[in-house]
Amino acid sequence: MTRWEPGAAERLAQAALDLYAERGFEQTTVAEIAKRAGLTERTFFRHYADKREVLFAGAGALQEPMVAAVRDAPDATAPIDAVAEGLRAGAAVLEPRRPFSRQRQAVIAANTELQERELIKLARLGAALSDALRRRGVADPTASLTAEAGIAVFRIAFERWVDASEDRELSALIQESLDELRAVTAGARG
């Protein structure tokens with residue numbers, strides 16, 4: 001029987017990111033990831049279904065607090081402001097993981113299959129936010145439009161946040177993007 005390894009998932013994730021950066025996603029095997037982490041392939045598969053999941057395993061940990069923040073916003077909160085609360089909750093989850101997020105995004109940007117998977121993740125997040133708005137009593141198409149606008153704000157802020165030249169916090173970039181969206185929808189010219 002193998003003994004429990006503390007921090008195995010994190011070690012595997014970091015080993016995978018390092019190898020993806022060195023060799024490329026396609027050229028890296030699960031065996032190499034496990035070896036780099038000092039673990040077995042069996043341990044890898046206890047934590048991840050495949051080598052892609054290393055990059056996407058945190059989707060639930062991001063989605064849950066975002067949906068909860070939308071759900072728990074005060075009743076009088078406008079839909080876009082409830083989504084803004086959700087985006088800020090997501091920023092709080094990601095902020096301590098900036099170096100990992102930067103590495104992760106570089107790997108995804110270099111692989112079309114992973115880019116598609118990222119879009120699917122964002123679509124699921126948008127659907128979850130839309131559902132949370134509907135549960136608050138927001139009718140469609142307002143719920144769907146607001147959630148999709150929120151996802152666009154989040155994606156743009158995130159892309160700026162992982163850029164090596166950017167040092168501002170994700171929450172500040174989200175607020176800046178929300179302000180830009182409000183200016184655009186109010187008819188302001190930029």
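The number of residues in segment 1-18 that are over 28 Å from residue 90 (Cβ atoms), surrounded by fewer than 13 Cβ atoms within 10 Å (Cβ to Cβ) and either of a type in the set (Asp, Glu) or free of Cβ contacts under 8 Å to residues at least 12 places away in the same chain (or both) comes to 3.
Residues that are surrounded by fewer than 17 Cβ atoms within 10 Å (Cβ to Cβ) and closer than 30 Å to residue 23 by Cα do not occur anywhere in segment 140-153. In segment 14-45, what residues are of a type in the set (A, V, I, L, M, F, W, C) and within 25 Å of the chain's Cα centre (by Cα)? Across segment 14-45, the qualifying residues are 15, 16, 17, 19, 21, 25, 30, 33, 34, 37, 44, 45. The set of residues in segment 19-45 that are part of a helix (DSSP H, G or I), in contact (Cβ under 8 Å) with a residue 24 or more places away in the chain and either over 19 Å from residue 117 (Cβ atoms) or touching a Ser or Thr at 6+ places or on another chain (Cβ under 8 Å) (or both) comprises 20, 37, 42, 43. Say we look at segment 158-187 and pick out the residues that are in contact (Cβ under 8 Å) with a residue 24 or more places away in the chain and of a type in the set (Gly, Ala, Ser); which of these is farthest from residue 81 (Cα to Cα)? Residue satisfying both the conditions and the ranking: 164.
Coordinate-derived values only; no laboratory data. Here the structure is a predicted model, which is why all the values come from computation and not from measurement. Heads up, the Cβs are rebuilt from the backbone with ideal geometry, glycines too, and the neighbour counts pull from every protein chain shown.
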